[in-house]
Amino acid sequence: MALPPVAGAAAPAMPFAGQPRGYGLRRPAPAPPGAALRLGPLFWPWEKVKVGPLSVSPMGFGTWAWGNQLLWGYQESMDSELQECFNLALGNGINLFDTADSYGTGKLNGQSERLLGRFIREFEGPIKSPDDVVIATKFAAYPWRLTSGQFVGACKSSLERLQLDRLGIGQLHWSTANYAPLQERALWDGLVEMYDKGLVRAVGVSNYGPKQLLKIYSYLASKGVPLSSAQVQFSLLSMGDEQMELKTVCDSLGIRVIAYSPLGLGMLTGKYDSSNLPKGPRSVLFRQILPGLESLLSCLRRIAEKKGKTMSQVAINWCICKGAIPIPGVKTVRHVEENLGALGWRLSPAEIQELESAAMAAPKKMIQNVFQTA
């Protein structure tokens, strides 16, 4: 039996003969009482944002959890729901999916890319152009990747796992400047080579600070390669001087900031407190930081109730309002449904200021990635 269209959700471009499990069968959760009704899709085509030559949705989804048993408890039995996540996201206009060749623990290394490749092939909706699904993958700066050719080989291996001819964005996962500066130039040359060979449509970096970002930007430009994106931990818990300086530099150079961990690994969702911590390694971090977040979480909750949104949706929307593309991680359909509710509306300038003031007053901030450079 066909379901009626849902207000606020993008309708499929055409009816499908056999819709995959999850597509068209689930939709974003109903808006809370008092929420403004948006007619039409979650965002219009002209609301897409540019990442170099690419046109992507204002929010993407991260796939770190897809294959990660240690931190996120992945099991292969989750794959059917992960496919539902992909179908629901793509069916609602989300076309940016972020992954990495290191995502997946142990024998599952590369599992995130393999799953994405499979889900793209099995998606029964219309995928008419490369812009319909933009895969951004990150290549690890492993110590044995010492030459540009080895780095290009990593790109080719990712393409094989994804079963694609070309990537949307090829990203250097982290800089080696702090511990192996001589390796860094070979990795940059690898980015140049994969771009020149047509293996990637755009080039980006991850975990770069403003100083190192300027260096790679200049180097790539000297080779005729534009730097299109910079992925960094960016949220109300990660908005220190360095993040804001990086954002300013990116804005001045036309580099798009992609914000990973926009929910602070879950701390900004309002689902946890000192007596209710997540399982696994995250609990150690939460135990250190959560007790100092009462004011920020209260502010998030107050604005969420006023807007008829959830705390997660408000935190993600803050990233969008700052001009970044948030890529919250998803591993359940419920995650996708809730995160889609971050689209189609905007925080007011006063609300943004209120959130940032509460965030700045928090005694502890998110611990930065150990690979983050200055």
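Brief remarks on what is shown
- Placed amide H near THR63: partners under 5 Å, 5+ positions off or other chain: ASP98
- Accessible solvent surface per residue of the chain, calculated while the other protein chains remain in place, 1.4 angstrom probe, Å²: 43
- For LEU347, no residue has an amide H sitting under 5 Å from its own, ignoring neighbours fewer than 5 places away on the same chain, with H placed 1.01 Å from N.
- Under 5 Å from the amide H of GLY93 lies no amide H of any residue 5 or more positions distant or on a separate chain, with H modelled from the backbone and absent for Pro and chain starts.
- For the pair LEU182 and TRP46, the difference between a 0.36 nm per residue extended length and the Cα-Cα distance amounts to 44.7 nm.
- Stretchable slack from GLN368 to SER274, in nm (0.36 nm times residue separation minus alpha-carbon distance): 31.7 nm
- Note, ³J(HN,Hα) from phi for the range 299-305, Karplus 6.51, -1.76, 1.60, rounded to Hz, x at Gly and Pro: 5, 4, 5, 5, 5, 4, 5
- Which listed pairs, of LYS271/LYS365; LYS128/LYS309; LYS50/LYS364; LYS138/LYS307; LYS156/LYS322; LYS48/LYS279, have C-alpha distances above 26 Å, in listed order: LYS128/LYS309; LYS50/LYS364; LYS138/LYS307; LYS156/LYS322; LYS48/LYS279
- Among 209-215, 108-114, the peptide with the highest mean count of other Cβ atoms within 10 Å heads the list, and the full ranking is 108-114, 209-215.
- Probe 1.4 Å, all protein chains present, accessible-area order of ASP79, ASP251, largest first: ASP251, ASP79
- Per-residue Karplus couplings for the range 321-327, computed as 6.51 cos²θ - 1.76 cosθ + 1.60 with θ equal to phi - 60°, are listed in order as 5, 7, x, 9, 9, x, 10 Hz, Gly and Pro entered as x.
- Peptide ranges 229-237, 360-368 listed from the most packed, as the mean C-beta count within 10 angstrom indicates: 229-237, 360-368
- Hydrodynamic radius of the chain by the Kirkwood approach over all distinct alpha-carbon pairs: 21.0 Å.
- Spatial extent of the range 197-335: Rg and Dmax, with the Cα atoms as the point set, Å: 17.2, 54
- In the chain, the portion of solvent-accessible area held by carbon and sulfur atoms comes to 56 percent [1.4 Å probe, whole percent, DNA, RNA and ligands not counted].
- Segments 254-263, 306-315 sorted - mean Cβ within 10 Å per residue, highest first: 254-263, 306-315
- Phi to ³J(HN,Hα) by Karplus 6.51 cos²θ - 1.76 cosθ + 1.60 over the range 354-364, Hz, x for Gly, Pro: 4, 5, 5, 5, 5, 5, 5, 7, 5, x, 10
The values are calculated or read from the model by the stated rules, or taken from the named source; none is laboratory data. Treat the numbers as computed from the prediction; the structure is a model and nothing was measured. A quick note on method: Cβ atoms are made from the backbone with ideal geometry, for glycine too, and the neighbour counts reach across all protein chains shown. Accessible surface is based on the protein model in full, side chains and every heavy atom, while ligands, DNA and RNA are left aside. Shrake-Rupley method; radii C 1.70, N 1.55, O 1.52, S 1.80 Å.
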